[in-house]
Amino acid sequence: MRLEDLRLGIYEKALPGALGWKERLALAKELGFDFVEISIDETDERLGRMSWSEEQRLDLVRAMLETGVDVPSMCLSGHRRFPLGSKDPMVRKQALELMEKAIRFSLDTGVRVIQIAAYDEYYQDSDEETDRLFRQTFLECEKLARKYQVMLSFEIMDTPYFNSIDKFLDLKREFTSCWTSVYPDVGNLSAWGNDVPQQLEKGIDWITAIHLKDTLAVKDDFPGVFKEVPFGTGCVDFPQVFTLLKRLDYRGPFLIEMWTGKENNPEQAIRDARSFILKHMRDVGFIEN
């Protein structure tokens, strides 16, 4: 694959939060990225985007057209606050409403993939009942995705409930829609001790995009670290990942997931991360130049 054929994006939270969308997308382009993944997290500010006016949504679309940088995917981590498997029926109702708003937002703005934060519960304990309720509520989400033709793609998470592609494939036996897929995070897969190449190969037909991030592995006496681990200092074997993806002829997008709030020079940190990834891709021949 040539470099110009590679689709490489950056997570919104890596970029300065005070920027407007046109400035944010223009900066991503300047830093060498093709797209930005929008964050809809559990804060009131980002959840409020789901109630944007028509003009606000048009502003985002105009920014994409004017900069040439698109927003094809959404990280919908707001379901931490409103988990799909909550035992509280009101919370589950809010979770489903959030999903429908996210799908409508996607239709209006051109987002094609909604990344599902696969938590049955986040702040409460998980058990067989929360798992049952998660599956019950997600069935309604899947119906909405079918109706509106928007992809729902499960991230491999930082909790045991959904920490492998095997668990996605188990879920896929129950949710057979073509609009239900997987968005693996090689950092999270690695931190849980998975055989990452094996997992990626098992799920390759359902992968919509791949998150690139480093992590520190979970151990018996250590809970692992799932974010803000500098590239090259964690447990992810990036050459192994890219060697496998070259063999599988993977042509989908990659998203560098990073946070730069603690960086003195965020833009340089992003440049360094991009250079790190491209070097490892070149070293194994995943990209030619």
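Values quoted throughout were computed directly from the atomic coordinates according to the rules given, and no laboratory measurement underlies them. Since this is a predicted model, take the numbers as computed values, not measurements. Here Cβ is always computed from backbone atoms with ideal geometry, including for glycine, and neighbour counts include all displayed protein chains.
Ranked highest first by average number of other Cβ atoms within 10 Å, how do 7-18, 213-224 line up?
7-18, 213-224
On a straight-distance basis, which lysines could pair with residue 246 in a cross-link, Cα separation under 19 angstrom, same-chain partners fewer than 8 positions away excluded?
Cα-Cα hits under 19 Å: 202, 213, 279.
Expressed in nm to one decimal, what extension gain is obtained for the pair residue 268 and residue 289 from 0.36 nm per residue of sequence separation less their Cα-Cα distance?
Extending this stretch completely gives an extra 5.4 nm.
Note down the nm distance, to one decimal, between modelled labels 7 Å out along Cα→Cβ at residue 59 and at residue 93.
Distance between the two pseudo-spin positions: 3.2 nm.
Excluding residues on the same chain fewer than 8 positions from residue 22, give the lysines whose Cα lies under 17 Å from its Cα.
Filter leaves 13.
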